[in-house]
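For reference, the structure discussed in these notes is given below.
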Amino acid sequence: MISMDEELRSASPVDAAKYIAGLSDSAALRVLVEYNRMRQFPLEEMLRMVKSYKGEAPSYADAARAELSKPTDSKSEAEPQATGQLSYSQMDSNKYPALNFVSGLNKVLGWIVVVLGVLMLIVGVISFQGIPVGAGVVFLVLGVSSVAFGELINVFVDIEANTRRGAR
């Protein structure tokens, strides 16, 4: 049995159905069975969703029913492996494209402002002038704040995903 990507492990049933609908029949069968065992999502409901995205009934529906009726090993395949989990923002970057863009822009611009602030501090200290030092400190604070705001956007997207997952 193939090992599912971390993205699919935490994907919603709708996202998983979209993904499965785009696979070849043999790959779709393996992923469908593994997803069902891991998430305990009703097979018939998943097959209905795959059909709606694929436009036709999946030819592997009977094979999936037969595979899922077999007993599994004593070690449950439904337990996730102890590999690192990806955050939702990494998993589904197309879910909120505007938020992801704003988050990335804030982080990039924030780091640029931090570098400018450090340069201004260096110039101010070397030239013994107070104005570049003060501006450098302000730039550092604004840059770090911008990076933190970009990360905060990712935190809110992760909270949304975890809330939706927890509701199931």
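Of note:
- Taking the conditions (1) of a type in the set (Val, Ile, Thr); (2) surrounded by 10 or more Cβ atoms within 10 Å (Cβ to Cβ); (3) at pLDDT 85 or above in turn, residue 72 satisfies each one other than (3).
- Qualifying residue in the range 63-72 (condition: among the hydroxyl-bearing types (Ser, Thr, Tyr) and in contact (Cβ under 8 Å) with a residue 40 or more places away in the chain): no
- Residue match in the range 83-103 (condition: within 28 Å of residue 155 (Cα to Cα), touching a Leu at 6+ places or on another chain (Cβ under 7 Å) and at pLDDT 80 or above): no
The values are calculated or read from the model by the stated rules, or taken from the named source; none is laboratory data. Not measured: the values here are computed from a predicted model. Cβ sites come from the backbone with ideal geometry, for glycine too, and all protein chains shown count toward neighbours.
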